[in-house]
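Report on the following structure.
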Amino acid sequence: MILNLVITGVGGQGNVLASQILGRAGVKKGLSVTIGETFGLSQRGGPVMSHVRFHDGRVVGPIIPPNMADIIMGLEPLETLRVLPELGRPDTLYLVNKRPIYPLNVIAGDVAYPPLEGIKEILQENSRKLLWVDGTTKSMELGGAIFLNTIMLGALVSLDNFPLTIEDIEEIFRVTFKGERLSQNLSALQIGRELVLEYDQES
Amino acid sequence: MQDHKSAFEAIYGEVISQGLCVACGACVGYCPYLEYKDGKVVIIDSCKVGTGRCEAVCPQMDILRNGPGKAALEEGGGYFLSKALPKEFTKNAQYGGVVSAMVSYLLSTGRAEKAVLTDRGGKGSPKGVLVHSPLEVISLGGSRYTASASLSALNRLLKDGQPQRVVVVGLPCQMRAVSLMEKRSEIRSEQVFKIGLFCTWAMEYREMSKLLEKEGVLETPIRFDIPPPPKNIFLVEGQRGKWEIPLDRMRVAIQKGCALCPDMTGSYADISVGAAEGIEGHNTVCVRDTRGFELLEELTQKGILKVEALPEANLSHLKTAIKNKRERATTKLKERVSHGDI
Amino acid sequence: MEIYRRELDNSKVLLQGNEAIARGALEANVVFGAGYPGNPSSEIIETLAEAAKSLPIYVEWSTNEKVALEAATAASFSGLRSIVTMKQNGLNVASDFLTNLTLSGTKGGLVLVTCDDPSGISSTNEEDARWFSRLADVPLLEPSTPQEALHMVKDAFWLSEQIQNVVILRSISRLSHTRADVKLGTLPDFRVRPYFDPKVPFHTFPIVPKHQRRHEKLRKAKEWAEACPYNEYFGNTEKDFVIVSSGCAFLYAYEAVEDLGLWDQVGILKIGVSYPLPERLILDTLKSASKVLFLEDVDPFIEEGVMALLSAHANGVKPKEFFGRNSSHIPVAGETNPYLIRRFLSDYFGKDLAYGEFRNRIQKLLEGKVPPREFGFCPGCPHRGTYYAIKKALAWDHREGFVSGDIGCYTMGIWPTGFNMVKSVHAMGSGVGLSSGYGKLKELGFGQPVVTVCGDSTFFHAALPAIVNAKFNNSDMLLIVLDNSATAMTGFQPHPGTGKTAMGSITEPVSIEGICRSMGMEVEVIDPYEIEESAQLIYEFLQKSGPRLIVARRKCALVQGREGGFPFRMRVNEERCRGEECGCGRYCTRVFRCPGLVYENKKKKAMIDEVICVGCGICASICPMGAVERGER
């Protein structure tokens, strides 16, 4: 058994923390986990990507081999599009937060951000399934952009056949956060779950 | 694809990078790209706006593209000898105190709400200031002999929409710039009273400061003067002393762009004021339009100015000087055209 | 992860590579740790420092890597086990002491961890620090996984004491920042009796015998390498096509052979002790091979070692074809990755790469449509303000001045986010050394002013000698220390100026201004958020001569964010905003480029991105129309 999950986004979106939570939940559940993280200079507003691999203890590297992602969770649309050719394949599932974070060269007007509808279309046509959600708005409603990663985690673990459940994540949260932070993050998980349920009902 | 230059590329390529900028300040203070610092108009960043104001109001660009322009005195104008009578105006004055008297009067009668003047500098070069109190006007009298981009103060007003009534005191290049602003309807002619200052050239502040330091002037001078020929000296007066520097030693500080200027008296002004050669404590005044005559008359009636006819010798000297400057500039301009610089 | 908790003994937990190294050191009874922060090595000392709050061990951030190695060596000379950590560039700094130390030898186990950064993900180069093991004649271990790293560190301490010399453990970014499930061992009681025996001095004399002795130690290490479990052959018994590989490249190779179904044609020799190489194992494995492919990061280090070994035994060895970085079958530069390995193997063995067509089709479809994400300072970053002020001051100055830079977040001054101000970046502190040189060029007719920037941590690390040099030689050097009160780039580690040590104890801060003032330098402090005032002061300082210092002081925005955030809620007054018109030309978004300020193309107005903006308020002072307003939070 192996499940290759890519989490991609922009520095500051909580990508690394999300992968860490998943990893800890996985290990707690008795799975073997290997997570490769790319950060460094890219911490500062650049692309950040985690490769999370749940498996049965075989020899695996920290980089998912070319076009071998089972699930790609995009915290940002452009970053999701960016990894499509290298990691995606026709039966990859995409869970994408549709709120863009504009690169500086787009802000400056040097280059254009591709139209969101276009990104959505390309992802839809070249995947098994696309869940295109508005996690950022939900996060801002909850109290700020910092809950986005938890909302997306809640959505992720609510996908069919995902090896972890929302309860597994909650268990890790209970030893990671305290007080208001804990209750906010628990709510964020539920919001994520509802995003997936609503999405499935709509489509 | 843009096949023409952006405004910024034009003003940078044709004027600033060519060393032809005379630091009038017409392009300064309106946008974040161009600033004035200690004698120089400098580029902070490059701008991509296609048609821009900087290009349209630049007097040097106007000369390069449209030639020397208006003559010094058109029909109906006249030259006079004048001086301010109240002591407060002559105290700080370079010569007859006429400019201070006029500006002060315009402000105190409400005919102008603000005056665009040049301060005395201090930490750095003199700069443009907006003045509304007549008293403040008096403290700013006297020639600077350096360009100070004082029109940046006018731009600060223009940025917030049209000012009501303003008087601008400036060099001939600045008078040309203000007339270009009028042409662009940035400001209506009746809203701006233009007082020109006679000028054959201005020095670049940093170069001048360097030269003065070399000459032993280690303080911010209070007063400069160039006495009439054949003396050929540059007089500097400070707190700690007076210096007489041979004018030729100072000439390297003259702005290169001044050679292109055909205008000695500020032909685009309502009234221009300069020295009266050989007549101490007096100014030569050149009046060009009705508004100018009215002001002069009013000030005479109120006993603020004494006005008389300019002696024939002075007039003929002045006319020769005006003619020479225009001719020199025209030749310079032709040279640039033949070199393909334009 | 609280890896120092004894309840975790013998359990399986998720550990980062660097945490595994730290845990391995703790299990090996390490009692002294020192290092200098640098990606990707920083988390080792951070983890140990956290442990030191509960365990009887000592851990410090030193001012630089050489000092760190020296401090750790004191523990070794006193019979204690110590670990010292750094990134590849840091080993250059430490190397002067290292090549002497390895002549004198050590006593208590001393393990030097270097974390290299193939492809230079967060470095100024992708230097392969493994060569230092040859230079210093000491063993080099290369783990592939966090689990192996934990075991290897423990063995490294043992080996160091066996041979009485330093052992280098080499990680790379990919491993240091990998997280994986790791089975822990048990923590010791950390009881030690430090004692320096005056009868046994440590020095390098007489040199030649000491050098000989160093090689004897190496021979001993080689014996251990032959039998240790870190070098292992996987695959068929034919051994005709053998991949020789180390580190993460081994994992990629293993997975690739598995996925491409090549086990019947290909074998893999995993190398865990890269120096001295396990000679017998290599000769046995490669004796009959006709093809050998080398996969390692970054230089052909093992490749050349193996080739030298094979030529020394050419008689009994079958002639071979070699593939690797030397033969250009693997690119000579850059990190080894699964894609390039699979490309090579699939081409060579005529196999199809899975989803190759899909990949090509999508690549074509997206060509030119995915703009790169430009690096940028965070919203609220004081460096943006400082560079903006420098830019202004140099424009005012008008003598084609430029900035000589250094390493840290502020290296991004080479890009538009720092207005492309920085024109040179090399080693820590080198910007200052360069500037002490520029400052003397005036005498040779050089007319351009130079501003040199360095971070607060860099100031202590390597800038100080250059500053003293500038003072000593009366160089016209203008130094701006970008003091954001943290080693921000690598994760906010404390440094001598912060008043806190790695273990969290309070210490008297070393004053940057104080040091420079005591040397007689003119010193001023500016606030990077006050752009105009800062620019004016920098401009005035540019006109002066001799060595002089400006401290641009503002807390790192990320730290400020954690400590209660910023005062403003920014808004754009749309009536005042000029947008693309003359008088502005999208100045804030086009030039200032803060990620929190975006441009609304339809309205043609600037707009605050509420998700990104932190409310520092700098942008209010750069808007030519005063349209960006500071509201209350």
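The values are calculated or read from the model by the stated rules, or taken from the named source; none is laboratory data. Values in this document were obtained by computation on a predicted structure and should not be read as measured data. Don't worry about glycine lacking a Cβ; one is built from the backbone with ideal geometry, like all the others, and counts go over all protein chains shown. Ligands, DNA and RNA are stripped out before the accessible areas are found, and what is left, the full protein with its side chains, is counted by its heavy atoms. Shrake-Rupley method; radii C 1.70, N 1.55, O 1.52, S 1.80 Å.
See the values below:
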read-out	value
Percentage of interatomic Cα-Cα distances in the stretch B:7-69 larger than 19 Å	19 percent
Accessible solvent surface per residue of the stretch C:6-227, calculated while the other protein chains remain in place, 1.4 angstrom probe, Å²	33 Å²
Convex hull volume of chain A per residue (C-alpha atoms, cubic angstrom)	120 Å³
Restraint check, B:114/B:210; B:123/B:242; A:138/C:604; C:107/C:154; B:5/B:127, Cα-Cα greater than 22 Å	B:114/B:210; A:138/C:604; B:5/B:127
Using alpha carbons only: equivalent-ellipsoid semi-axes of the stretch C:434-524, gyration tensor based, whole Å	29, 14, 9
Complex-versus-alone comparison for the stretch A:67-86, residues with a loss of 20 Å² or more in accessible area, probe 1.4 Å	A:67, A:68, A:78, A:81, A:82, A:84, A:85, A:86
Helix runs (DSSP H) in chain B reaching 18 Å along axis by Cα, Kyte-Doolittle at least 1.6	none
Average accessible area per residue (Å²) across the stretch C:536-633 - probe 1.4 Å, nucleic acids and ligands excluded	44 Å²
Relative intensity, log₁₀ I(q)/I(0), of the stretch B:192-342 from a Debye sum that treats every alpha carbon as a point, q = 0.12, 0.20 Å⁻¹	-0.67, -1.31
The stretch B:274-342: GluC sites (Glu not before Pro) falling in loop per DSSP and having at most 12 other Cβ within 10 Å	B:280
Two-site FRET efficiency, residue B:219 against residue B:335, from Cβ-Cβ distance with R₀ of 41 Å, rounded to 0.05	0.55
Where labels lie 7 Å past Cα in the beta-carbon direction, separation of residue C:191 and residue C:328 in nm	6.4 nm
Accessible surface buried upon A-C contact (total; probe 1.4 Å; Å², nearest 100)	5500 Å²
Mean separation of Cα contacts under 8 Å (6+ apart) over length of the stretch C:232-361, as relative contact order %	27 percent
Whole-number percent relative contact order across chain C, with pairs defined as alpha carbons under 8 Å at least 6 apart	11 percent
Using a Förster distance of 25 Å, the FRET efficiency for residue C:53-residue C:11 (Cβ separation, nearest 0.05)	0.75
Heavy atoms of residue C:204: accessible area, 1.4 Å probe, square angstrom to 10	20 Å²
Interface residues, the stretch C:581-595 - accessible area loss of 10 Å² or more versus chain alone, probe 1.4 Å	C:582, C:583, C:584, C:585, C:586, C:587, C:589, C:590, C:591, C:593, C:595
Calculated SAXS-style log₁₀ I(q)/I(0) at q = 0.14, 0.18, 0.21, 0.22 Å⁻¹ - the stretch B:125-184, Debye, Cα scatterers	-0.42, -0.70, -0.95, -1.03
Accessible area of the stretch A:2-202 divided out per residue, in Å², using a probe of 1.4 angstrom	35 Å²
Modelled FRET efficiency - R0 45 Å, residue B:207 with residue A:111, Cβ distances, 0.05 increments	0.55
The protein assembly as shown, accessible surface, carbon-and-sulfur percent (1.4 angstrom probe)	52 percent
10 Å Cβ neighbours from other chains, averaged over peptide C:358-364	5
Area accessible to solvent at residue C:348, 1.4 Å probe radius, in Å²	90 Å²
Candidate residues C:264, C:116, A:70: accessible-area rank, largest first, probe 1.4 Å	C:264, A:70, C:116
Cα gyration tensor category, rounded, prolate or oblate, for chain B with a/c compared to 1.5	rounded
Accessible area buried at the B-C interface, both sides summed, 1.4 Å probe (Å², nearest 100)	1800 Å²
Kirkwood-type radius of the stretch A:62-158, with distances r between different C-alpha atoms, in Å	14.1 Å
Threshold 50 Å², the stretch C:371-388 residues less accessible with all protein chains present than alone (1.4 Å probe)	C:371, C:373, C:374, C:375
Two-decimal Rg/Rh across the protein assembly as shown, once Rg and the Kirkwood Rh are taken from alpha-carbon atoms	1.07
Distribution of pairwise C-alpha distances over the stretch C:323-474, 5 Å bins, in %	2, 8, 12, 13, 12, 10, 8, 8, 9, 8, 5, 3, 1, 0
